[in-house]
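First up is the structure itself, then whatever we jot down about it.
The values are calculated or read from the model by the stated rules, or taken from the named source; none is laboratory data. Predicted model only: the values in this text are computed from it and were never measured. Every residue, glycine as well, gets a Cβ built from its backbone with ideal geometry; the counts of neighbours run over all protein chains shown. Heads up: the accessible areas ignore ligands, DNA and RNA and are worked out on the full protein's heavy atoms, side chains in. Shrake-Rupley method; radii C 1.70, N 1.55, O 1.52, S 1.80 Å.
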Amino acid sequence: MPSIRRCSSFTLAAALAAPGLAAACSTCGCSLNSDWSSQGYATSLGWHLSLREDYFNQSQLRSGADSVSRSSFAYPADEEVQRKTINRNTLLGADYSFSRYWGLSLQLPYMDRHHQTIAEGDTGVSSSDARGIGDLRVLARYQGFSDDAGIGLQFGLKLPTGRFKQDFVSGPQAGELLDRGLQLGTGTTDALLGVYKFGYLTDSIGYFGQAMAQIALDARDHFRPGNSLNLNLGLRYLDAGRFTPQIQLNLHGEQRESGVQADRPNSGAVLAYLSPGIGVRITRRLDAFAFVQLPVYQHVNGLQLEPRRLWSLGLQYRL
């Protein structure tokens with residue numbers, strides 16, 4: 001069965017409310033926390049809206065910790081050899097702080113993904129174009145453990161709002177169902193549980209740390225995604241005027257998926273990305289950000305596609 005893996009990335013809404021958005025791809029470093037550029041969101045009341053655009057071209061075939069040359073395969077091959085997956089994803093986020101200590105966030109992704117692969121036993125390339133909304137995430141947070149609200153818990157659900165019945169559109173596999181890891185959604189309801197801490201090392205340097213687990217609560221049509229854990233660490237420099245340089249270390253671990261519709265041998269990974277970026281204060285209410293994620297460690301199970309870099313641009317607005 002043609003396969004592409006998912007990531008838990010992500011990963012992405014205001015106020016530290018939602019690091020690690022799940023966005024389908026061959027297991028990738030999608031755990032970037034793009035909204036940390038304005039840490040004050042975490043304690044300011046009211047609505048905060050965000051819009052983020054991600055682009056990453058998964059063109060590097062990997063096995064274990066090594067890259068694999070496609071020229072080493074003779075076709076037809078006894079396993080799938082993926083060609084590329086181009087991802088253009090949009091994330092809409094809405095966050096509401098009820099008080100200094102309680103808040104709720106919603107994140108809805110819209111995905112645009114072009115995929116090419118040579119399936120097991122084929123000699124020609126099959127392709128797909130998947131466009132539509134992904135799985136909605138609903139996250140509550142509580143940060144009343146300290147007077148500065150610098151420590152918080154997150155808990156919520158990923159809901160099965162994304163389609164998972166799309167087919168290949170061309171090539172030998174045209175009309176065949178895409179692998180579940182390539183679909184817009186998993187079809188499952190997943191629990192989200194996280195913890196975070198942010199503060200200041202000096203008057204000029206802020207820091208944050210986050211951990212977010214995603215655990216599938218059920219299976220759907222003979223498929224259960226692998227549980228995952230994202231760890232994010234970051235530093236930012238506060239004395240550059242309207243600009244906020246920052247850097248993050250994004251770690252992602254994902255277990256193998258399971259079920260008859262799963263491609264268990266080619267799922268699961270451990271990844272690490274270094275992510276430099278910058279935040280820009282445009283107006284009193286509007287901020288922008290830009291990041292690039294660069295891989296520093298990639299270890300995948302079986303054969304999977306990975307990007308050489310990921311780009312993220314976005315806006316955040318306080319009502």
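Checking Gly152, Gly185, Gly134 one by one, the residue that is buried (at least 16 other Cβ atoms within 10 Å of the Cβ) and either closer than 15 Å to Met212 by Cα or polar (S, T, N, Q) (or both) is Gly152 and no other. Can you name the residue in the range 78-105 that is under 15 Å from the mean Cα position of the chain (by Cα) and of a type in the set (A, V, I, L, M) and is also surrounded by the most Cβ atoms within 10 Å (Cβ to Cβ) among such residues? Out of the qualifying residues, it is Leu91.
Among the residues of the range 53-111, the one identified as in contact with a Pro (Cβ under 7 Å, 6 or more places away or on another chain) and acidic (Asp, Glu) is Glu80. From the list Ser71, Ser97, the one residue that fits, being of a type in the set (Ser, Thr, Tyr), touching a helix residue (DSSP H, G or I) at 6+ places or on another chain (Cβ under 8 Å) and over 20 Å from Pro265 (Cα atoms), is Ser97. Go through the range 264-293 and give me each residue that's exposed (fewer than 14 other Cβ atoms within 10 Å of the Cβ) and assigned to a strand (DSSP E or B). Residues satisfying the conditions are Pro276, Leu286.
Only residues that are touching a strand residue (DSSP E or B) at 6+ places or on another chain (Cβ under 8 Å) and either part of a strand (DSSP E or B) or among the polar types (S, T, N, Q) (or both) were counted across the range 112-133, and they come to 15.
Would you confirm whether any residue within the range 222-238 is in a loop (DSSP other than H, G, I, E, B), in contact with a strand residue (DSSP E or B) (Cβ under 9 Å, 6 or more places away or on another chain), at pLDDT below 95 and over 24 Å from Ser126 (Cβ atoms)? Looking for residues that are in a loop (DSSP other than H, G, I, E, B), in contact with a strand residue (DSSP E or B) (Cβ under 9 Å, 6 or more places away or on another chain), at pLDDT below 95 and over 24 Å from Ser126 (Cβ atoms), one finds at least one in the range 222-238, hence yes.
Does the range 134-189 hold any residues that are of a type in the set (Asp, Glu) and either within 17 Å of the chain's Cα centre (by Cα) or part of a loop (DSSP other than H, G, I, E, B) (or both), and which are they?
Across the range 134-189, the qualifying residues are Asp135, Asp147, Asp148, Glu176, Asp179.
Given the criteria out of contact with any Pro (no Cβ under 7 Å at 6 or more places or on another chain), aliphatic (A, V, I, L, M), within 22 Å of Arg224 (Cβ to Cβ) and open to solvent by 10 Å² or more (accessible area, probe 1.4 Å), does Ala191 qualify? The answer is yes for Ala191.
For the range 204-228, a residue qualifies if it is surrounded by fewer than 18 Cβ atoms within 10 Å (Cβ to Cβ) and either of a type in the set (D, E, K, R) or in contact with a Pro (Cβ under 7 Å, 6 or more places away or on another chain) (or both), and the qualifying residues are Asp218, Asp221.
Under the condition of being at pLDDT 95 or above and β-branched (Val, Ile, Thr), the residues counted in the range 248-269 number 0. Within the range 62-77, the residues that satisfy the criterion of being open to solvent by less than 40 Å² (accessible area, probe 1.4 Å) and either closer than 18 Å to Ala272 by Cβ or in contact with a Ser or Thr (Cβ under 7 Å, 6 or more places away or on another chain) (or both) are Arg62, Gly64.
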